[in-house]
Amino acid sequence: MGRVRGFEIAKGFENKGINLPVRKTKYSAGYDIESAEDVVIPSFKKGMAPTLVKTGLKAYMQEDEYLKICNRSSNPKKKGLILANSIGVVDSDYYGNVDNDGHIMFAFYNIKDEDVQIKKGECIGQAIFEKFLLADDDIAEGVRSGGFGSTSK
C-alpha cells in the first residue's frame, strides 16, 4: 500500500531538528505540532497582524481530505494565545505548492498584556486529518497557484 496521509519536513527545514508530529495517546484525534523556532508573540494591539509561527512541516493526504489545524486547549488560558482564524484548514493541494512547499504555520494573536515566548520544540497546537463531502452541484475546477492564503487567488 502506498502513502495515504502523513507529515514531512518542509523545504528549508531539513537540517533544523524538526520532529514529525505524533499522537500522545491511543485515542487522541490530533497530532501534536511543535514550533520550528523560538518566536515572541507580542501582546495584541489594535490593527496588528497575527504572528505566524513556523512548524517546518508539510502534510500529504488524499484528495477528499484536509488537515484541521487547532489550538492547544491550554493556550488561551495559560499563554493568552488564540488562533486568528479559529481553526486552520490545510487543503490537500497545499502540499508541495510552488510558493512555500506546503509549509504549515499557526497564526496566533496574544491576548495577554505581556509578550509570550514560544521555544523551538514547544507544542503549539494539534492537527487532525478529516474527510470532507461535496455538494451535488459542486463545480470547482480551479488549480492552486500559491501557498499560504492562496485559495481565493
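Observations on the structure shown:
- Against the conditions (1) surrounded by 13 or more Cβ atoms within 10 Å (Cβ to Cβ); (2) closer than 24 Å to A140 by Cβ, Q62 satisfies every one except (1).
- Residue in segment 49-80 that is nearest to S28 (Cα to Cα), counting only those that are without any contact (Cβ under 8 Å) to a residue 40 or more places away in the chain and assigned to a loop (DSSP other than H, G, I, E, B): S73
- Of residues in segment 20-42 being part of a strand (DSSP E or B) and in contact (Cβ under 8 Å) with a residue 12 or more places away in the chain, the one surrounded by the most Cβ atoms within 10 Å (Cβ to Cβ): I33
- Boolean, G47 is under 28 Å from K112 (Cβ atoms), modelled with pLDDT of 95 or more, out of contact with any Pro (no Cβ under 6 Å at 6 or more places or on another chain) and exposed (fewer than 13 other Cβ atoms within 10 Å of the Cβ): yes
- Residue selected from segment 10-51 under the condition among the aromatic types (F, W, Y) and more than 17 Å from N75 (Cβ to Cβ), by the criterion nearest to the chain's Cα centre (by Cα): F13
- Test result for K45, of a type in the set (D, E, K, R) and assigned to a helix (DSSP H, G or I): no
- When each of I128, I139 is tested for being β-branched (V, I, T) and in a strand (DSSP E or B), the lone residue that passes is I128.
- The single condition among (1) surrounded by fewer than 13 Cβ atoms within 10 Å (Cβ to Cβ); (2) under 12 Å from Q126 (Cα atoms) that R5 does not meet is (2).
- Of the residues making up segment 94-120, those that are in contact with a Ser or Thr (Cβ under 9 Å, 6 or more places away or on another chain) and either of a type in the set (A, V, I, L, M) or surrounded by fewer than 14 Cβ atoms within 10 Å (Cβ to Cβ) (or both) are V98, I104, M105, A107, I111, D113, E114, D115, V116, I118, K119.
The values are calculated or read from the model by the stated rules, or taken from the named source; none is laboratory data. For clarity, every value in this text was computed on a predicted model and none was experimentally measured. Positions of Cβ are generated from backbone atoms using ideal geometry, with glycine treated the same way; all protein chains shown enter the neighbour counts.
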